[in-house]
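In what follows, a structure is listed as structure tokens, so that the remarks can point back to it.
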Amino acid sequence: MLTVDLDEAIERFVRERGELVARLRDLPPEAWERQGRHPEYALYTVFGLARHIVLHDLLHGYRIEDSLRRQEWPEQEAPPHVEPPHVEPEEPTVQALIPGSLARMKVGEINLLGPFQVPGLAPRPIRVYLPKNYNPAEPHFGLYMFDGQNVFDDLPSFSGGWYIHEAVEGLAKSKRPVPVVIGIEHGGPGRNLELSPFPFEAEPGQIEILLDWVTRHLMPALTAELNLVPPPLGAVIGGSSMGGLAAFWSHFHHPESFGGALVMSPSFWVASQAIFVDIAAQPTPEVSRIYLDAGAREDKGKVVEAIQRMTEHLVERGYDSDRLMWRADPRGTHSEAAWRRRLPAALRFMYRRG
């Protein structure tokens, strides 16, 4: 039995949390984006740490309230009970859930669908944003984004969202088409492997497994249900960091599915920059528009150097300013906030007419 003085414990908790809040309030804006190492997360910032602490405290609060509201507690330990083996039910497929789902979706809102079974990988939901001008009788472009937890609002993301649903609506002001946005959530701890086309930490990359599901199952179902312009002309793939690497690779290896790639701060360092040899061996897609960027404050400028090198390679292959945009952000960091800030210009380029 615990011998903790409850009043003293509560007083200490309130005092320590008060001190923490005071320190957080004094942080300058750039300090919230400061990154640290974490054994499970590819990106961990001060913002993510603070968010984790809050959520952890809320979980304890719930446990306490649950205990206090119990009608009765057993006076003695119940006899041992052997539970039957637990079998996880299989998640439904996109073919089972997506047909007919448009009737339940709301225009101008982020619609959560699934979770869906992904053969060979963890099940996951997708998030679909139907723009305010969405008309099911008219064809719309589709923008597919990796790391779907991060590209919309703040709630699903520990590091803040991109607010891509607001950014795409801005395209209407310049009479550009406003795409339907499909956010494909990652599979949790296996994210780096499933977004890598190359060996990662001595394990084989799994991007082809994920893309098999995306291109052969998810895209056909959504194209039919939402009246999307068929690929490759109607589909762009995008992402940042490992998602940026995955998007760039996907465009060149699946040009029949993706006519463009929106690539932010891609992890071209994976497998000793194997992406350069790999892409050089691929033919140039017939339909191709590419946006590339990086922040000067990422890895002491090394990310910018790698992206510039890839840009020079694409120019040598014949890419002009209509098919390729390259941006080095002088104050950019490897963070959701930096990608959110650069997103509107990237979208204007990807959806320019002509």
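The values are calculated or read from the model by the stated rules, or taken from the named source; none is laboratory data. Please read all numbers here as calculations on a predicted model, not as lab measurements. Because the Cβ atoms are built from the backbone with ideal geometry, glycine has one as well, and the counts that use them run over all protein chains shown.
Below are the figures for this structure:
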| item | result |
| --- | --- |
| Any hit, the stretch 86-102, residues being at pLDDT 95 or above, assigned to a strand (DSSP E or B) and either crowded, with 16+ Cβ neighbours inside 10 Å or not assigned by TED's automatic domain parsing to the domain that holds ARG51 (or both) | no |
| Test: residue in the stretch 278-285 that is in contact with a strand residue (DSSP E or B) (Cβ under 7 Å, 6 or more places away or on another chain) and within 27 Å of ILE182 (Cα to Cα) | no |
| Check on VAL168, touching a Leu at 6+ places or on another chain (Cβ under 8 Å), of a type in the set (Val, Ile, Thr) and in contact (Cβ under 8 Å) with a residue 24 or more places away in the chain | yes |
| Which numbered condition HIS313 fails, given (1) in contact (Cβ under 8 Å) with a residue 12 or more places away in the chain; (2) closer than 19 Å to ALA338 by Cβ; (3) surrounded by fewer than 20 Cβ atoms within 10 Å (Cβ to Cβ) | (2) |
| Selected residue (only one of SER321, SER288, SER272 is over 30 Å from ALA202 (Cα atoms), in the same structural domain as TRP162 (by TED's automatic domain parsing), without any contact (Cβ under 8 Å) to a residue 24 or more places away in the chain and among the hydroxyl-bearing types (Ser, Thr, Tyr)) | SER321 |
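Residues checked against (1) of a type outside the set (Asp, Glu); (2) without any contact (Cβ under 8 Å) to a residue 60 or more places away in the chain; (3) under 25 Å from ARG352 (Cβ atoms); (4) surrounded by fewer than 17 Cβ atoms within 10 Å (Cβ to Cβ):
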{"position": "GLY114", "(1), (2), (3), (4)": "yes, yes, no, no"}
{"position": "VAL181", "(1), (2), (3), (4)": "yes, yes, yes, no"}
{"position": "ILE184", "(1), (2), (3), (4)": "yes, no, yes, no"}
{"position": "SER196", "(1), (2), (3), (4)": "yes, no, no, no"}
{"position": "PHE200", "(1), (2), (3), (4)": "yes, no, no, no"}
{"position": "GLU203", "(1), (2), (3), (4)": "no, yes, no, yes"}
